[in-house]
Amino acid sequence: MGERYKYRTWLQHVYVDLDWTQTRIAEECDVSTRTVGNWIDKLGVVKNRHDPAWLTDKYVKEYLSQRQIGELCDTGSSTIGDQLRKHGIERERRYRDQSWLREKYESEELTIHEIADAVDVGDYAIRYWLVKNGIERRGTVFPVGDHPVDYDQTRLAKWAERVKERDGHACVACSSTERLHAHHVVPKYEDRSEEMLYGLDNGETLCRACHAKRHRERGDESLARLLRHTPH
């Protein structure tokens, strides 16, 4: 193909209309990717990432991730994210839907990271919604009492107060305002990261009875019994 990359019409056609990457153009023209990039900038060839209709089609209809769209446009996912926000392009949060999440995690056996990458959220969000939707996690989960960790009790106490304040000092399950506890949705023994231990999104206010019920539902019977007999 010689030096066709120096002609705007041809470059616009293959780079924008045909969605070729800079790498493919470079291989076809036997030059470096950097050379192709320089000519794209020099000739003012604009990739589809600036086109709201194209972005909507890829992000909403085809449900490509920001990373995947970035690969099509030879740019980073953060640039795509900026363009999506600029044009106000949003899509449904499929990962919150139990049936969709169960299909990806159980039927297709995708990892938490793979699901998170596909929907442009952190691994934490997928772990959170797996628990929220009652989907059992794969892999080994340490039972209560194993592998003890020295948690920052001061931070946990402050976290608990913030959770209760956010929930209006009432149980989110039964609306009781007595004997309130701050409960970790994703258990501390499953994920000890900062955001899971001390993040508000991983907390909910429960009364003592509902707190015990939550732990009983997920198999923490010993802790459930302890909570039922806790005076406060």
### Task
Could I have the simple spin-label model distance between residue 10 and residue 56, label points 7 Å from Cα toward Cβ, reported in nm to one decimal?
3.5
### Summary
Exposure-ranked with fewest Cβ neighbours within 10 Å first, 210, 174 stand as 174, 210
### Query
Can you list residues whose amide H is under 5 Å from residue 203's amide H, if they're 5+ apart or on another chain and H is modeled 1.01 Å from N?
185
### Task
Sort 13, 113 so that the residue with the fewest other Cβ atoms within 10 Å of its own Cβ comes first and the one with the most comes last.
113, 13
## Note on the structure
Assertion target for 161, 109, ordered by fewest C-beta neighbours within 10 angstrom first, is 109, 161
### Message
Longer than 20 Å from Cα to Cα, which of 104/213; 61/86; 6/86; 132/158; 86/132; 58/132 are they? Say none if no pair is.
### Response
104/213; 6/86; 132/158; 86/132; 58/132
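Coordinate-derived values only; no laboratory data. For clarity, every value in this text was computed on a predicted model and none was experimentally measured. Cβ coordinates were reconstructed from backbone atoms using ideal geometry, including for glycine residues, and neighbour counts include every protein chain displayed.
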